[in-house]
Amino acid sequence: MFNPGLKGVTAAETCLSQINGEKGELYYRDQSVHDLVGRYSFEEISYFFIKGRFPDSNELQSLKKVLIKERSLSSEIKKWIDHLVKKQSITAIIRSAVSFLDDSEDRWPIQTHEAYRLLAKLPTIVAYSYRKKMNLETVEPDHQLGHVENFLYMLFAERKTKEEVQALETYMILTAEHGMNASTFSGRVVTSTQSDIYSGITAAIGALKGPLHGGAPTGVLDYIDEVKQKSVEEVIKAKLANGEKVMGFGHRVYKATDPRAEALKAMLLIIEPKPNWIDFTLKTEKETFQWLSDLKPGRRLYANVEYYAASLMKAIGIPSELFTPIFCCSRIVGWTAHIIEQSRNNTIFRPEAKYMGNK
């Protein structure tokens, strides 16, 4: 049987996440994301994915020490980024920088300390690259701050509010893992050859860089800006007539409300001072859902995670060119957990291709 894009084909067994698209449910291991957000830190969620259980207080402190130790970048990698920053996007720089981090022989099976190293360094790579690209003075990590708060500090050279840190941490937890998506599959395929974790993550970032996978949040802001100039009705009808997608609505997996979107929407409402455009964003969501329901009956095109991810990061002051790089900093958790899982029970991926003749 030929399944284009391997759609509907089960290619691996995993204990990391489960999605019930019909009911709009997402589980990390055996825990609903609704029970995790606001209860655990990003560091604890990372440990949970990689180790299979939540850390006790001593284990959590040990993890934090490791992440703090690994945050800083060497002078060599900074020089490499300086060379790339005028030529490449930040996502491309991350991909190249991860390759540069591989400083030893291939290791098999994959070790957890390598996952922590990548988890710690990616935010620093993003912040350093962004500030270099903007001709701003770079900011060294503050070892007194937690993982997410330090990330924001390195990006903006100032401490963000408790609510802003909480909002970004919520986003990063909710996007840490999401099943066998294209980038995760890419990482597992590379690892299945017994290659190293850095090669696997490089492949994953390369897959995420494609606009069909990692570019959706930016398109949401473009859609909202377009609606401001016209109306929801006019914009949607024009897009559907042209065969275009309405960015931020509908999901390949979820046929009910995306649970991540609901959690991010709640976070958006607690940010102070409240941006004056939030009410318009909420109104646009309701009107868009109604028009899509009328024009595409039976499709159930709810707001997805990208719709409120874009609005949340805009409220924090994060520019759109950082949306995909920040996604990398959260999804590195799922990527590394999948790569470790693959290496523990490995079979090389080797699908068949159907020959169609010389056309």
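Values quoted throughout were computed directly from the atomic coordinates according to the rules given, and no laboratory measurement underlies them. Not measured: the values here are computed from a predicted model. Every residue, glycine among them, receives a Cβ derived from its backbone with ideal geometry; neighbour counts consider all protein chains shown.
Structure notes:
- Set of aspartates and glutamates near residue 286 by C-alpha distance (under 19 Å), chain-local residues within fewer than 8 positions excluded: 222, 225, 226, 233, 234, 258, 262, 294, 306
- Nonlocal amide H pairs with residue 17, under 5 Å, H built at 1.01 Å: 29
- A helix-only calculation puts the chain at -18000 deg cm²/dmol for mean residue ellipticity at 222 nm, using -39500 (n - 2.57) for each DSSP H run of at least four residues, averaged over all residues.
- Calculated mean projected area of the Cα convex hull in nm² (choose from (1) 20.2; (2) 27.1; (3) 15.5), label: (1)
- From the Kirkwood radius over Cα pairs of segment 80-234, Stokes-Einstein at 4 °C and 1.567 mPa s returns a whole-number translational diffusion coefficient of 74 µm²/s.
- Between residue 25 and 20, the built amide H atoms are under 5 Å apart, and every one of these is 5 or more places off in sequence or on another chain.
- Distance between modelled label sites at residue 296 and residue 222, nm, 7 Å Cα→Cβ extension: 1.7
- When the C-alpha to C-alpha distance is required to be over 28 Å, the pairs from 69/162; 228/265; 65/86; 78/209; 69/274; 133/209 that qualify are 65/86; 69/274.
- Given charges at beta-carbon only (K, R positive; D, E negative), |dipole| of the chain in Debye: 780
- Less than 5 angstrom separates the built amide H of residue 249 from those of 304, all sequence-distant by 5 or more or on a different chain.
- Along the chain, longest interval not containing exposed GluC sites (Glu not before Pro), exposed being DSSP loop plus at most 15 other Cβ atoms within 10 Å: 245-351
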